[in-house]
Amino acid sequence: LILLGLESSCDDTAAAVLRIDADGRPKILSSVVHGQTALHADFGGVVPEIAARAHAEKLDICVREALTAAHLTLRDVGAVAVTSGPGLIGGVIAGVMCAKGIAAGAGLPLIGVNHLAGHALTPRLTHDVAYPYLMLLVSGGHCQFLIVRGADDFTRLGGTIDDAPGEAFDKTARLLGLPQPGGPNVEREALKGDPTRFRFPRPLLDRPGCDMSFSGLKTALLRTRDEIVAQKFGLTRQDRADLCAGFQAAVRDVLAEKTRRALTAYLAEAPATPVIAVAGGVAANTAIRAGLETVAAEMGASFVAPPLALCTDNAAMIAYAGAELFALGHRDDMTLAARPRWPLDHTSPAMLGSGK
Ligand code: ATP
Ligand code: FE
């Protein structure tokens, strides 16, 4: 089976072609991502209207590029998978409309995919990982622990109650005058800094469960920055590096401790081959990753991290999730709707909340 995948839920327009071989192993034939960072650079964040228009303009181009790179035509494709939520609704609509057009025109089955399921299933695309595994999704827009039991069966153990860590990295960069995206730049500064000079809060560690909070960290950083500025009329390079190091250490500690708790809940179910997998841009952070690897090793679980290009937004993960859903018998039709909110776990309180 060959699938065409489409992704347009945030600020990346992406298309990919994926083949599932007879033995069930997936092979990515092409994966094209057109980012929109430059379009939003002047606004300090993603502007939904600009994103939607850019997706509408770029989707066809991405599809053509993905097919060309795979040396295939639409005639070779057996199904179309598309992100149908959650995300910025204009972009999701653009993707769903494009996928419906292709599916109707070429007479292909259509599969709507939850963007978070795409991230959560990526470890099975890149590694030989069996269900159930524990997943930490940690990106610019999301932060949650999931037990992944199947392509349409997730249990959410907890997550952020406010900002996602990537968002906190980006805001920290902004507060310290570092360029966007903040994560890699804060990490670079942190390498030169002393993580013990400033002690930032580790919120919610005193409370049971896997919920996290990162917005207070940013406020603490702002306060400390302003104190230094008031004393010395500015920040030295060392001050900035120390602030970054202190901030990163706090995020690392919170994620590591909450991972310990999530692993405890997961291991209580006695999985045959315990695995914790990560996805999302923040998983690129070496210090954070090392913190998670240590906890995994201590608790006897193997640690799986897909390559970064598949951890951040892409369409190969959507095609792959589509393939698993297709195998389970999922099919959508021309009534497929774009959903701004769509929690993976339908018993989760996120149904009522922010959807993060
Ligand atoms: P989502 O995929 O949840 O919709 P997104 O597209 O913003 O959100 P990703 O593309 O997965 O998320 O990741 C981008 C985020 O990862 C940014 O917030 C960025 O600052 C952060 N990030 C990237 N590299 C690093 C790093 N080395 N350290 C910390 N954070 C990082
Ligand atoms: Fe994403």
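Structural remarks
- Yes/no for Thr294 being more than 20 Å from the chain's Cα centre (by Cα), part of a helix (DSSP H, G or I), away from ligand 1 (no atom under 14 Å from the Cβ) and not aromatic (Phe, Trp, Tyr): yes
- Checking Ile288 against (1) within 16 Å of ligand 1 (Cβ to nearest atom); (2) under 18 Å from Thr155 (Cα atoms); (3) part of a helix (DSSP H, G or I); (4) among the β-branched types (Val, Ile, Thr), the condition it does not meet: (2)
- Note on the stretch 115-140: residues that are within 12 Å of ligand 1 (Cβ to nearest atom) and out of contact with any helix residue (DSSP H, G or I) (no Cβ under 7 Å at 6 or more places or on another chain) amount to 3.
- Qualifying residue in the stretch 189-205 (condition: outside any helix (DSSP H, G or I), within 18 Å of the chain's Cα centre (by Cα), touching a residue at least 24 places away in the same chain (Cβ under 8 Å) and surrounded by 21 or more Cβ atoms within 10 Å (Cβ to Cβ)): no
- Considering residues of the stretch 309-332 that are out of contact with any Pro (no Cβ under 9 Å at 6 or more places or on another chain) and part of a loop (DSSP other than H, G, I, E, B) only, the residue surrounded by the fewest Cβ atoms within 10 Å (Cβ to Cβ): Gly329
- Meets criteria (part of a helix (DSSP H, G or I), within 16 Å of ligand 2 (Cβ to nearest atom), modelled with pLDDT of 95 or more and within 20 Å of Arg156 (Cα to Cα)) for Ala256: no
- Failed criterion for Ala106 (all others in (1) within 16 Å of ligand 2 (Cβ to nearest atom); (2) among the small types (Gly, Ala, Ser); (3) at pLDDT 95 or above hold): (1)
- Residue within the stretch 267-274 that is at pLDDT 95 or above and either in a helix (DSSP H, G or I) or within 16 Å of ligand 1 (Cβ to nearest atom) (or both) present: yes
- In the stretch 1-95, counting only strands (runs of 3 or more DSSP E) that sit wholly within it, the ones holding 3 or more residues that are among the small types (Gly, Ala, Ser) and either within 16 Å of ligand 1 (Cβ to nearest atom) or under 21 Å from Asp332 (Cβ atoms) (or both) span 12-20, 79-85.
- Residue match in the stretch 1-20 (condition: within 23 Å of Gly105 (Cβ to Cβ), without any contact (Cβ under 8 Å) to a residue 40 or more places away in the chain and more than 20 Å from the chain's Cα centre (by Cα)): yes
- Of the residues making up the stretch 14-54, those that are within 16 Å of ligand 2 (Cβ to nearest atom) and within 14 Å of Ala81 (Cα to Cα) are Ala14, Ala15, Ala16, Ser31.
- Within the stretch 154-171, the set of residues being of a type in the set (Gly, Ala, Ser) and within 11 Å of ligand 1 (Cβ to nearest atom) comprises Ala164, Gly166, Ala168.
The values are calculated or read from the model by the stated rules, or taken from the named source; none is laboratory data. Being a predicted model, the structure only gives us computed values, none of them experimental. We place every Cβ from the backbone using ideal geometry, glycine too, and count neighbours over all the protein chains shown.
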